[in-house]
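The values are calculated or read from the model by the stated rules, or taken from the named source; none is laboratory data. Quick caveat, the model's predicted, so the values are computed rather than measured. No Cβ is skipped: glycine too gets one built from the backbone with ideal geometry, and neighbour counts run over all protein chains shown. Only protein heavy atoms, including side chains, enter the accessible area calculation; ligands, DNA and RNA are left aside. Shrake-Rupley method; radii C 1.70, N 1.55, O 1.52, S 1.80 Å.
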Amino acid sequence: MADFRGSAAAYPDDARFTSIAGELYDRSPEFAKLWDQHDVRKESNGTKAVLHPVLGEMTFDHLVLHPSSRHDLRVTVHLPREGFEARRRLERLLEARPAVTAPPASRGAESAAAGNSLRCS
């Protein structure tokens, strides 16, 4: 909720935020209660626990990046937290799935792509 309010505040002239908030306010007592609290938060760095249906609970440090040229976008990077099982579990998951192959390179990019490979670390 606080993230939505923060996004709405970044675009005060965008009627879509007002329309969505009004519709949710009318339909959801929980939304109305939270909206009336006027909490605003811009997501930033932190720690997040994720409950995966197969791997179980994993803990990540996360970093939110806001590209300066596109204020409507944000990129969130999740890094397995040291001392927790997330990295080991993710590695097991990646080892168990079939290899991913890159699409054929275009003519002009063949020589540039020849030395590149996909890798997770």
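List of remarks:
- Residues (without any contact (Cβ under 8 Å) to a residue 24 or more places away in the chain and open to solvent by 60 Å² or more (accessible area, probe 1.4 Å)) located in region 73-90: L73, V75, L79, E82, G83, R87, R88
- Of all the criteria given as (1) over 29 Å from F4 (Cα atoms); (2) surrounded by fewer than 10 Cβ atoms within 10 Å (Cβ to Cβ); (3) acidic (D, E), the one not satisfied by D36 is (1).
- Remark: pairs (first residue in region 6-28, touching a residue at least 40 places away in the same chain (Cβ under 8 Å); second residue open to solvent by 100 Å² or more (accessible area, probe 1.4 Å); Cβ separation under 7 Å; 6+ apart in sequence or on different chains) = A10/H71.
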